[in-house]
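What follows is a short report on a single structure.
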Amino acid sequence: MKRIWSNKYVLIVNAISIMVAFLTHFPELITLSNPYSADGLSFPGMHWADVGNEVLFTYLSLLFLFFLNEAVFRFNSDMVSIGWKKVVCSFVLTWVVSNLLGKCFVYLHQHFDVPAIDAMLHHYLHPLRDFLITCIVTGSCYFFHQNRKSRKMLLENQQLRMENVINQYEALKSQLNPHMLFNSLNTLYLLIRESPDKARHYLEELSRVMRYTLQDNEAHSVTLREEMEFVQSYMYLLQVRYEENLQFDIRIHPELMSRKLPPMALQLLVENAVKHNEISNRRPLTVSVIAEGDTVEVSNPLQPKRGGSAGMGIGLANLAKRYQLLYKKDIIVKEENHRFAVILPLI
């Protein structure tokens, strides 16, 4: 894609250079086609070789100015921010270099007999042509940069929407699969028989989980407070199922509650901890959620299920991709001292 864009950029630059080279010498070309016109008096003794050399020199100068701006200011890069200061610097540099190139061409004409136009009017028009060429080169470069930047943003937004759809699909698949529904409904059935009040509370928490999962959330970020309200409902469902064998250690500074992160990020990490580790009377599990500084960490001791699969890591890969697209930040996954931890930046 980069090679195709580079070729496209070169083609556009060449097309602009050719067009401007001919247009800036349009009066001379008209005079040559009709030497008996009134303009013929303004450009006396002019020949096709003179005008051809002028057009060729203007074309080559434009190419040089375009690629000079690209080399110095990197207008063709979407990784560079171009503000008004850089545009002004580009304008000044282009004008100065254009003027110097013109003087070089005059020097070649006077000392090496390179064909060129000697008419006084032509020399008077040079400052105006330098100004127009400078405006065209700087304006075109800035337009290329903005166009490339907007194309990149559009592509990233499309990728982000796609990642969001994948995330919602994975969440739905995780929450609404028959196994999860069977366990939840079976637990609810037992609670109805044993403790109607507790069953009512369990149903309320299950409803919160389903509503948060199924809601049409077009926002790509949620506050830590919103995410934790959902996660605590999800934790309650898990604790009713596993009873004392599953515990949660939550330590979050209140001032961090307004920070943001992708929706269902913490739920995914809690779900992974429960899914891939043994939880029993023999080996209870404690999942820690600790937020401090600019990060939140979800960790648990490593106690893999017997005969269990480690999984493909699709959820973590999807979460890492969303962080890159949304915030240009990376998540940290580490495994040390028999503990597994994932650290998420808080925005």
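The values are calculated or read from the model by the stated rules, or taken from the named source; none is laboratory data. Please read these numbers as outputs of a predicted model, since none were measured by experiment. When we count neighbours, we look across all protein chains shown, and the Cβ atoms used for this are built from the backbone with ideal geometry, even at glycine.
Among the conditions (1) under 13 Å from Cys135 (Cα atoms); (2) surrounded by 14 or more Cβ atoms within 10 Å (Cβ to Cβ), Val88 misses just one, which is (2).
Taking the numbered list (1) in contact (Cβ under 8 Å) with a residue 12 or more places away in the chain; (2) surrounded by fewer than 18 Cβ atoms within 10 Å (Cβ to Cβ); (3) assigned to a helix (DSSP H, G or I); (4) under 27 Å from the mean Cα position of the chain (by Cα) in turn, Leu326 passes all entries but (2).
Quick grid of which residues meet (1) part of a helix (DSSP H, G or I); (2) in contact with a helix residue (DSSP H, G or I) (Cβ under 6 Å, 6 or more places away or on another chain); (3) modelled with pLDDT of 80 or more; (4) of a type in the set (A, V, I, L, M, F, W, C):
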residue: Asn99; (1), (2), (3), (4): yes, yes, yes, no
residue: Gln110; (1), (2), (3), (4): yes, no, no, no
residue: Tyr124; (1), (2), (3), (4): yes, no, no, no
residue: Thr134; (1), (2), (3), (4): yes, yes, yes, no
residue: Asn164; (1), (2), (3), (4): yes, no, no, no
residue: Ala171; (1), (2), (3), (4): yes, yes, no, yes
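Selection of first residues in segment 71-88 that are in a loop (DSSP other than H, G, I, E, B) and of second residues that are among the β-branched types (Val, Ile, Thr), restricted to Cβ pairs under 7 Å at least 6 apart or on distinct chains, gives the following pairs, ordered by first then second residue: Arg74/Val80; Phe75/Ile82.
Residues of segment 21-32 include at least one that is β-branched (Val, Ile, Thr), at pLDDT below 80 and either touching a strand residue (DSSP E or B) at 6+ places or on another chain (Cβ under 7 Å) or in a helix (DSSP H, G or I) (or both). Under the condition of being small (Gly, Ala, Ser) and closer than 16 Å to Arg148 by Cα, the residues counted in segment 63-90 number 3.
Looking across segment 173-202, the residues that are within 22 Å of Glu226 (Cβ to Cβ) and at pLDDT 75 or above come down to His201, Tyr202.
State whether the residues of segment 143-157 include one that is aromatic (Phe, Trp, Tyr), outside the structural domain of Arg283 (by TED's automatic domain parsing), assigned to a helix (DSSP H, G or I) and modelled with pLDDT of 85 or more. Yes, there is a match, as at least one residue in segment 143-157 is aromatic (Phe, Trp, Tyr), outside the structural domain of Arg283 (by TED's automatic domain parsing), assigned to a helix (DSSP H, G or I) and modelled with pLDDT of 85 or more.
Within segment 142-158, does at least one residue satisfy the condition of being surrounded by fewer than 13 Cβ atoms within 10 Å (Cβ to Cβ), among the aromatic types (Phe, Trp, Tyr) and more than 20 Å from Phe22 (Cβ to Cβ)? Checking segment 142-158: at least one residue is surrounded by fewer than 13 Cβ atoms within 10 Å (Cβ to Cβ), among the aromatic types (Phe, Trp, Tyr) and more than 20 Å from Phe22 (Cβ to Cβ).
Conditions tested, residue by residue: (1) buried (at least 18 other Cβ atoms within 10 Å of the Cβ); (2) touching a Lys or Arg at 6+ places or on another chain (Cβ under 7 Å); (3) not aliphatic (A, V, I, L, M).
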| site | (1), (2), (3) |
| --- | --- |
| Leu203 | no, no, no |
| Leu206 | yes, no, no |
| His220 | yes, no, yes |
| Leu237 | yes, no, no |
| Leu261 | yes, no, no |
| Glu271 | yes, no, yes |
| Ser280 | no, no, yes |
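For a quick check of your reading of the model, give me the residue pairs whose first member lies in segment 92-115 and is within 17 Å of Arg129 (Cβ to Cβ), whose second is at pLDDT below 85 and not in a helix (DSSP H, G or I), with beta-carbon atoms closer than 7 Å and at least 6 apart or on different chains. These pairs meet every condition: Phe105/Ala116; His109/Ala116.
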